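Contents: one structure, followed by commentary.
Rule-based calculations on the coordinates, nothing more; no lab input. Keep in mind that what you see is a predicted model, and the values were worked out from it rather than measured. Cβ: placed from backbone, ideal geometry, glycine included. Neighbour counts: every protein chain shown.
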Amino acid sequence: MSNDPTALTAASSAALVKSGELDASDLFEAWLGRAELDTFGALSWIAQAGESPEQVDGPLGGVPLAVKDLFCTEGVPSQSGSKILEGYKPPYTASVVEALAKSGAPLLCKTHQDEFAMGSSNENCAFGPVLNPWDKSRVPGGSSGGSAVAVAAGLAPWALGTDTGGSIRQPAALCGIVGLKPTYGSVSRYGMIAFASSLDQAGPLTQDVTDAALLFSQMIARDPRDATSVGHQESIHLPDRRDLTGVRLGVPEELSGDGIEPGVRATFEETLERARELGAEVVPCPLPHAPHALSAYYLIAPAECSSNLARFDGVRYGQRVDPGDGLDAMYSATRAAGFGPEVRRRIMLGTYALSSGYYDAYYGRAQRVRTLIQRDFDEAFANCDAIVTPTSSSVAFPLGSRTADPLSMYLSDFCTVPMSLAGIPAISIPNGMSEGLPTGFQIAGPAFAENSILGIAHALESSIQFDRSGARV
Amino acid sequence: MTDWEAVIGLEIHVQLATQTKMFCSCSPVFGDDPNTHTCPVCLGLPGALPVANAQAVHLGLMIGLALGCSLASQSVFHRKNYFYADSPKGYQISQFDQPLCGPGNLAGVRIHRVHLEDDAAKLIHASESGRIAGADSSTVDFNRAGTPLAEIVTEPDLHSAAQAREWLALLRTTLRTLGVSDVSMDEGSLRCDANISLRRVGDQTLGTKTELKNMNSFRFVERGIEAEIIRQRELLDSGQTVTQETLHFDPRSGSLTTLRSKEEAHDYRYFPEPDLLPVEVTEAMIASARDALPELPIERAARYVSELQIDDVLAERLAGDAELAEFFDAVVEAADKSIEARVLATWVSDDAAGRAGDDGLLASKLEPAALAELVALVDDGSITTAAGRTVLDQLFEVGGSPAAIVSDQGLGKVDGGDELEAAVDAAIAAEPEAAEKVRAGEQKALGPLVGVVMKHTSGRADGGEVRKLLLERLGS
Amino acid sequence: MIAKMLDRSEVIHIARLARLNLDEGEIERTAIELSGILDHVERISELDLEGVEPTAHAVATRGELRPDIQGASLSRDQALAEAPVTDGVGFIVPSPGA
Ligand SMILES: [Mg+2]
Ligand SMILES: [Zn+2]
């Protein structure tokens, strides 16, 4: 064993703590030292030395956690990447963060993100962009970019992110780590500063698939404080699968053909070949409505966010700008100054999509498209155990390259959005390199089939043996 | 001059009597120090989520059943988006196209729907809070934010201000009987808006309506609607048109002011609340709401008529006041079955209720059993009606047993015997002129003589018997 | 549905609904950007959605209700702790009438 516990995966450290070979507070202090090495703008807050938990006996073994800024943490800044919440310290902690702390994963640091989770590059953060540890001139992906970088660069052993249309999977892919977006409803949203309520879901960003399974196993619970939470149908076990005998993997042409960069396409094909070698059957699997998913998503998510963000009005918390001309003038000035351009754009889009006379054409129609996409998946899963696609059509792109054109940025979510609309689980694992940057492989399963996709991911991961040392500081 | 018919629909917001708010576990109590009953949910803090209160749904179903509504099998909460200082989330969670209860009827007025929603916070304007006049800020108290409301919407089936007031009173009694709300207009747990339009008598199409907001007493409801009917009639009579707008009635000046015109109407951007899933109304939930229903005023009045042979007017008067009806039921329960319910009803409605005043019967010392006993004493001739009323005064003030009061104060009937004969003799002596006239056959001169006897006996003597004795004495 | 260009007055109306001050340049830019996005998303109008029910939530379908039992509330100090302007009793807002 290495003398440096921070060189281990979270699950390995947890095992050592549990066997008494490693002291949990030493582990915490060691990771505090790692967090100090952040030169990527990934972390928004770091715990004080000596804040390590006194007693650790949960299944997570005291391995500390990086948490995306949008999770409310009592007395700790929770700003959701927005100027309007600069310095905001909530009076309560998000259910899932509380649950993980109880299970033995104390709060180590908080991570930067795109403002209110709106973005795919982490450039929409009021506190500066986050840089990709593989190449600092490139984006880490978003919106959970800070969490992805924290894990990839070895600033934190594991991290919590949220995924609305790809915000865990895409940055995981662009940073060469594992990211799981769980089944909608399996993790409580209470205390997560909302982007789009019907899509937001918390999930783990980790060094490997085992860590993802371990962290996720302690996140699932029906929370009486979240009416949309249903918990999970089965407990999550640590994956041990090493072959894919008897597994049918479906490849949707709609999400793996046109528009995928050649380098990404190449690693995707290699991984499919590897899957066959492991015993999987790879079959085509049409998702005819998937190309419309992005359109539906960019109506539903902005509509919900336009309403979710109405509470930021300068009255009860956050920043206020008051021109001294009455209540409405205060609202408009506060919100114009507090929200960044992408958030304002989506609020405008969503307000328009819900406004009188447009509801049926936009929001109503998008909700129907959502039904069709869900049906596509239902039919697909009648013929295969999992659906696989590239996670992102490209590798990490240069900072600033997509900021001028919102649509090109939105297209970054092309492969991940359909699963979000259907509420089904999907995991991204690193599956190779292109242009010196990692690529991601997405595995999606039916609702509550996390054990199944974690198993498939584990078998592929064992075979791929991705080398992530290039990102570690 | 044209004959106009007023067409009035009401929207009533009722605060439900729950232990907690609509979507969080804070107390919805009224009147406490500002901002002492809040949590992340009702303050609209980032990340907080609503969870619907089962009891509010239960009470909503009870209202629906009581108003004869069809109940939804699935009900959906929507967001009603608007910015205002009283709105912590920037939207109200209300029901839109799938309300908890659909069409119903109360006393001939059709109910359009009943739905659930959360209340807004309270704005205290600087001038009201007693700070310097002209101050340009307000204070927000979020204690009321999130209080559960049922909104009851009628069809435009009312045609006068008085009728609207009367129907609202029946609705209030019904809700009070159900126990679903305090229904206090003073404290804002019952609030009423009215939609008002005029049309030519005989026309079927509706005229342009205005909305009269937030009338906070029965009197103001009637006066406000009346004022608006007069205003619209004057407009129409002089050839002008009514503008669709929202109005406020100032009870002090009696004037109507515009709050909002149609052009400024909100665009609420309703959409299904993504933080809540549809409420499934199960058979078990409906059964439990039905089991919780007490007898309703209309049912009660019908029972009084059919089972107790009480006339319609008296039955409605009793049943229309939940407290009075409950008291009456207790009197009937306690009374000897040989006494006609009609007689008991008159005692309760005329004598007892007449003494109760604004505070109601419950504030008095009078027990239903005591009243039943008192009526029995009158009924069997132990005391006269007049003495009975004297006893009732005592029961009201200090309570106790009627028989004891009668014997303590010697209110028992004077029948025949020495006492009455002595009183008759005394009367003849006191009114010699009247006595002469009676002797001369002038029967109507008996009056003053009877009066004197009654005075001497404190009303304890039977009038018929006194007459008989007097006539005997005066040999006529 | 035919994709259309949002005009200035629509952008101003939407900004007013959303309570967002936009300066002249932003109004122009927003009109162009939103038109571009709408042009793309309106591709869903090609789909035949006759008889297709809308999906508001993908997985869960029925909401659990909460028992009517009181829980902890925040103290007034906690409630007011992050308020930009407060008098220690309530949240101060500019007068709605001003
Ligand atoms: Mg209402
Ligand atoms: Zn509350």
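Of note:
- FRET efficiency estimate (nearest 0.05) - Cβ-Cβ, B:D312 to B:Q443, R0 30 angstrom: 0.20
- Shape class for the protein assembly as shown: prolate, because the ratio a/c of the largest to smallest gyration tensor axis (alpha-carbon atoms, square roots of eigenvalues) is 1.5 or more and a/b beats b/c.
- Mean Cα-pair separation over length for chain B, i.e. relative contact order, pairs under 8 Å, 6 or more apart, %: 14 percent
- Length-normalised contact order for chain A - Cα pairs under 8 Å, 6+ apart - percent: 18 percent
- Cα centroid separation - the stretch B:417-476 against the stretch B:304-379, whole Å: 35 Å
- Within a straight-line Cα-Cα reach of under 13 Å, A:K181 can be paired with the following aspartates and glutamates, leaving aside sequence neighbours fewer than 8 residues apart in one chain: A:D163, A:D200, A:E450.
- Ascending count of other beta-carbon atoms within 10 Å, so fewest first, for A:K89, B:K80, A:K102: A:K102, A:K89, B:K80
- Candidates A:G119, A:H458, A:A296 compared by Cα position along the dipole of chain A: farthest toward the positive end lies A:A296, with charges placed on Cβ.
- Neighbour-count order for B:Y82, B:Y304, A:Y88, fewest beta carbons within 10 angstrom listed first: B:Y82, A:Y88, B:Y304
- Each principal axis of the Cα atoms in the stretch C:1-49 has its own extent, and those three values, largest first, are 39, 18, 13 angstrom.
- Under 27 Å from the Cα of B:K122 - lysines, other chains or at least 8 residues apart: A:K89, B:K21, B:K80, B:K89, B:K213, B:K262
- Kirkwood-Stokes translational diffusion coefficient of chain C, alpha-carbon pairs, 37 °C, 0.692 mPa s, µm²/s: 170 µm²/s
- Three principal axis extents describe the C-alpha atoms of the stretch A:288-345; from largest down they are 54, 19, 16 Å.
- Scattering profile of chain A at q = 0.08, 0.10 Å⁻¹ [log10 I(q)/I(0), Debye over alpha-carbon scatterers]: -0.41, -0.66
- Straight Cα distances below 30 angstrom link B:K413 to the lysines B:K337, B:K365, B:K437, B:K444, B:K455, B:K468, with same-chain residues fewer than 8 positions distant left out.
- Span from the the stretch B:225-266 Cα centroid across to the the stretch A:352-396 one, whole angstrom: 49 Å
- Shape call, the stretch B:294-385: gyration tensor on alpha carbons, a/c limit 1.5: oblate
- Among beta bridges that DSSP assigns inside chain A, antiparallel share in %, nearest 5: 70 percent
- Classified by the C-alpha gyration tensor, the stretch A:328-473 has an oblate form. Its axis ratio a/c, with a ≥ b ≥ c, is 1.5 or above, and a/b does not exceed b/c.
- Between B:D393 and B:D136, the C-beta separation translates, for a Förster distance of 60 Å, into a calculated FRET efficiency of about 0.55.
- Dimensionless Rg/Rh of the stretch B:368-471 - Kirkwood Rh, Rg from C-alpha atoms: 1.07
- Residues A:K68, B:K413, sorted so that the one with the fewest Cβ neighbours within 10 Å comes first: B:K413, A:K68
- Amide H contacts of B:E155 (H built 1.01 Å from N, in plane; Pro and chain starts excluded): B:R110, B:I111, B:H112 sit under 5 Å, all sequence-distant by 5 or more or on other chains.
- Annotation: for a label point projected 7 angstrom from Cα along Cα→Cβ of A:E51, residues of the stretch A:158-173 with backbone N closer than 19 Å are A:158-161.
- Taking label points 7 Å from Cα along the Cα-to-Cβ direction, B:D291 and B:V343 give a separation of 4.1 nm.
- Whole-angstrom Cα spans of the stretch B:417-473 along principal axes, big to small: 28, 19, 16
- The stretch A:418-437 and the stretch A:76-136 have their alpha-carbon centroids 21 Å apart.
- Amide H contacts for B:C101 (H built 1.01 Å from N in the peptide plane; partners 5 or more residues away or on another chain; cut-off under 5 Å): B:A72, B:V114.
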